[in-house]
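What follows is a single structure, written as structure tokens, with notes after it.
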Amino acid sequence: MAEPLIELKGISKAFGDHAVLDSVDLTIYRGEALAIIGPSGTGKSTILRIIAGLLSPDAGEVYVQGQQRKGLIEDSQDPVGIGMVFQQAALFDSLTVDENVGFLLYEHSGLSRPQIRELVNQRLEMVGLRGISDHYPAQLSGGMRKRVSFARAIMANPENPKDIPEVLLYDEPTAGLDPIASTVIEDLVRQLQQAHAGCSTYVMVTHQESTIRRTADRVVLLYQGKVQWEGNVNDIDTTNNPLVRQFFSGSIEGPIQVIG
């Protein structure tokens, strides 16, 4: 039986009068690849930020390796490292790739610049971007910027091994990319999981069918603030759940309400 690594229990979150999450229960198991899918505006990115400790729920509890999290990530360290790859890469345009990937080490470690640069180059090598450390984000393609954000997410301080992320959270990593660039990113997600350098567990929010099918083992569909369906990725083609059928067919007819 796989070990529960992160557990959300009764998680609710509202922004103003709009309830985004409504008593959501979700378990993430060690070593699994989980995709969270659903229509736009149903709280998928919100749940990622709650898992990451960047956003507090209004109600409910978050457990990381059996330990209840109190407050946000800056209030206390989780027992396992959690890294996040944001949808728009979220790089600093005025900093080089080296400075972006090594940002936390430059700001918060006692390592020398040559030591950090070597660690940055190792991470860039892992994501297939050797020799670009002196480039600026504006000089890179969209797919390359995404891979730089991956390198930043898996950066850790060797003086503190607990910082190495065991869990990676991906928010729409293939959004806006052409099919070939998407395939590169999808392959990279799997390669990082299998590289035995941390990152053995990941949660991905995505709308893209190829990304779901190529990177997920288990799929959860979120709609109207609740988990409406979950199953193995192969169950997508056999389930009779009308929400799943409509989501993957792209039909405007069905229980998912079309906004606008």
Checklist entry - From the list 40, 45, 23, which residue is touching a Gly at 6+ places or on another chain (Cβ under 8 Å), closer than 20 Å to residue 221 by Cα and either in a loop (DSSP other than H, G, I, E, B) or among the hydroxyl-bearing types (Ser, Thr, Tyr) (or both)? => result 23
Checklist entry - What tally of residues in the range 12-35 results from selecting those that are under 17 Å from the mean Cα position of the chain (by Cα) and either among the small types (Gly, Ala, Ser) or farther than 20 Å from residue 81 by Cα (or both)? => result 3
Checklist entry - Out of the range 190-208, which residues are at pLDDT below 85 and either within 13 Å of the chain's Cα centre (by Cα) or β-branched (Val, Ile, Thr) (or both)? => result 192, 193, 199, 200
Next on the checklist: Suppose we filter the range 168-178 for residues that are in contact (Cβ under 8 Å) with a residue 40 or more places away in the chain, acidic (Asp, Glu) and either outside any loop (DSSP other than H, G, I, E, B) or under 11 Å from residue 142 (Cα atoms) (or both); how many remain?
Outcome noted: 1
Item to check | Residue count, the range 10-30 (criterion: at negative phi and either of a type in the set (Gly, Ala, Ser) or touching a Phe, Trp or Tyr at 6+ places or on another chain (Cβ under 7 Å) (or both)) | outcome: 3
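Yes/no matrix, rows are residues, columns are (1) of a type outside the set (S, T, N, Q); (2) within 30 Å of residue 103 (Cα to Cα):
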residue: 149; (1), (2): no, yes
residue: 164; (1), (2): yes, yes
residue: 172; (1), (2): yes, yes
residue: 225; (1), (2): yes, no
residue: 240; (1), (2): no, no
Checklist entry - So which residues in the range 91-118 are polar (S, T, N, Q), surrounded by fewer than 17 Cβ atoms within 10 Å (Cβ to Cβ) and either in contact with a Leu (Cβ under 6 Å, 6 or more places away or on another chain) or part of a loop (DSSP other than H, G, I, E, B) (or both), if there are any at all? => result 94, 112
Next on the checklist: Just to be sure I understand, how many residues within the range 179-238 are surrounded by 21 or more Cβ atoms within 10 Å (Cβ to Cβ), assigned to a loop (DSSP other than H, G, I, E, B) and among the β-branched types (Val, Ile, Thr)?
Outcome noted: 1
Item to check | Filter result (among the small types (Gly, Ala, Ser), in contact (Cβ under 8 Å) with a residue 60 or more places away in the chain and either within 19 Å of residue 5 (Cβ to Cβ) or surrounded by fewer than 18 Cβ atoms within 10 Å (Cβ to Cβ) (or both)) within the range 42-61 | outcome: 52
Checklist entry - How many residues, within the range 249-260, are surrounded by 16 or more Cβ atoms within 10 Å (Cβ to Cβ) and not in a loop (DSSP other than H, G, I, E, B)? => result 0
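Is it true that some residue in the range 76-90 is of a type in the set (A, V, I, L, M), assigned to a loop (DSSP other than H, G, I, E, B) and touching a strand residue (DSSP E or B) at 6+ places or on another chain (Cβ under 7 Å)? I'd like the intermediate steps shown before the answer.
Residues of the range 76-90 of a type in the set (A, V, I, L, M): 80, 82, 84-85, 89-90.
Subsequent filtering for residues that are assigned to a loop (DSSP other than H, G, I, E, B) retains 80, 89-90.
Next, from what is left, pick out any that are touching a strand residue (DSSP E or B) at 6+ places or on another chain (Cβ under 7 Å): 80.
Checked the range 76-90: at least one residue is of a type in the set (A, V, I, L, M), assigned to a loop (DSSP other than H, G, I, E, B) and touching a strand residue (DSSP E or B) at 6+ places or on another chain (Cβ under 7 Å).
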Next on the checklist: For the range 48-64, give me each residue that is among the hydroxyl-bearing types (Ser, Thr, Tyr) and part of a loop (DSSP other than H, G, I, E, B).
Outcome noted: 56
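The values are calculated or read from the model by the stated rules, or taken from the named source; none is laboratory data. Model, not experiment: these values are computed from the prediction. We place every Cβ from the backbone using ideal geometry, glycine too, and count neighbours over all the protein chains shown.
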